[in-house]
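**Q** Questions regarding the structure given below will be posed in turn.
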Amino acid sequence: IALWLRTLGSIHLINFASLLHQSQVLLLIGENSIAPMTINLQRTRELMGQSRWLYLHHPSMYWFDSSDNFILLTCTLALLASCHLTVGSPFFNSRYNLILLYITLLSLCSSGGELFSFPWDHLLLEATCLSFVLPRLDPQSSLNNEPDLFGVWGIRWLSFRFMFSMGVEKLPFINHN
């Protein structure tokens, strides 16, 4: 379990470090970028109208503030949370880190438009969500706790779907190569 959570933390670390490297996230979805997040959110609001389900269909903390500073702040906090999860920091409960990483990545995926709608982002979201039910990765908690059967089978099912879909992708009559 510790290996799973630390590996997941290191994947998030790579993800957010690459977004923050030379402010790549601002070049992609910032105010003066290729595909500004404010325009994506405005289009979504126009399409959904005054629906009360707007925030459930497109969950994002960027509905409240989509400025460049807030995008950088949230990505930096997610980077710190992924560092804490990777090293198993005693200062924070691993679930709090997972929640922060999930909310930040979900917000980027739902507000970032086409630039954040890749399958690996959604796979990382699903793996993070499944990790909520695993025992905590903290020195104060007992790592001898048995993980929840739902969580273990969920991660196995996720791994199977990933490997199966990657194998099917290589079949010439499916991929039309």
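**Q** Just checking, does the stretch 36-53 include any residue being under 16 Å from L108 (Cα atoms) and of a type in the set (F, W, Y)?
**A** There is no residue in the stretch 36-53 that is under 16 Å from L108 (Cα atoms) and of a type in the set (F, W, Y).
**Q** Also: For the stretch 19-47, give me each residue that is closer than 17 Å to F64 by Cα and either open to solvent by less than 60 Å² (accessible area, probe 1.4 Å) or hydroxyl-bearing (S, T, Y) (or both).
**A** Listed by number, the residues that qualify are I29, G30, P36, M37, T38, N40, L41, T44.
**Q** So, N93, is that one over 28 Å from G151 (Cα atoms) and either exposed (fewer than 12 other Cβ atoms within 10 Å of the Cβ) or in contact with a Lys or Arg (Cβ under 9 Å, 6 or more places away or on another chain) (or both) or not?
**A** Taking the combined requirement at face value, the residue does not satisfy it.
**Q** So, one more: Keeping to the stretch 101-128, report how many residues are more than 9 Å from the chain's Cα centre (by Cα) and free of Cβ contacts under 8 Å to residues at least 40 places away in the same chain.
**A** Result for the stretch 101-128: 4.
**Q** Would you point out which residue out of S94, S110, S33, S60 is of a type in the set (S, T, Y) and under 18 Å from I11 (Cβ atoms)?
**A** S94
**Q** Output the residue which, of all residues in the stretch 57-85 that are within 15 Å of the chain's Cα centre (by Cα) and polar (S, T, N, Q), is farthest from R43 (Cα to Cα). Write out each step before concluding.
**A** Applying the first criterion (within 15 Å of the chain's Cα centre (by Cα)) to the stretch 57-85 yields 58-62, 71, 74-83, 85.
With polar (S, T, N, Q) added as a condition, the list becomes 60, 74, 76, 82.
Values: S60: 14, T74: 22, T76: 27, S82: 31 Å.
Only one residue fits best here, namely S82.
**Q** Quick one: V87 ticks every box in (1) open to solvent by 40 Å² or more (accessible area, probe 1.4 Å); (2) touching a helix residue (DSSP H, G or I) at 6+ places or on another chain (Cβ under 7 Å); (3) at pLDDT below 90 bar one, so which box is it?
**A** (2)
**Q** Looking at the stretch 90-100, which of its residues are more than 23 Å from Y55 (Cβ to Cβ) and either under 11 Å from the mean Cα position of the chain (by Cα) or among the hydroxyl-bearing types (S, T, Y) (or both)?
**A** Of everything in the stretch 90-100, just one residue is more than 23 Å from Y55 (Cβ to Cβ) and either under 11 Å from the mean Cα position of the chain (by Cα) or among the hydroxyl-bearing types (S, T, Y) (or both), namely S94.
**Q** Still on this structure, I have one more. Spot the failing condition for V168; the list is (1) part of a loop (DSSP other than H, G, I, E, B); (2) among the aliphatic types (A, V, I, L, M); (3) at pLDDT 75 or above, and only one is missed.
**A** Looking at each condition in turn, V168 falls short on (1).
The values are calculated or read from the model by the stated rules, or taken from the named source; none is laboratory data. Predicted model only: the values in this text are computed from it and were never measured. Using ideal geometry, Cβ is built from the backbone for each residue, glycine included, and neighbour counts are taken over all protein chains shown. For the accessible areas, the whole protein counts, side chains as well, though only heavy atoms, and no ligand, DNA or RNA atoms are used. Shrake-Rupley method; radii C 1.70, N 1.55, O 1.52, S 1.80 Å.
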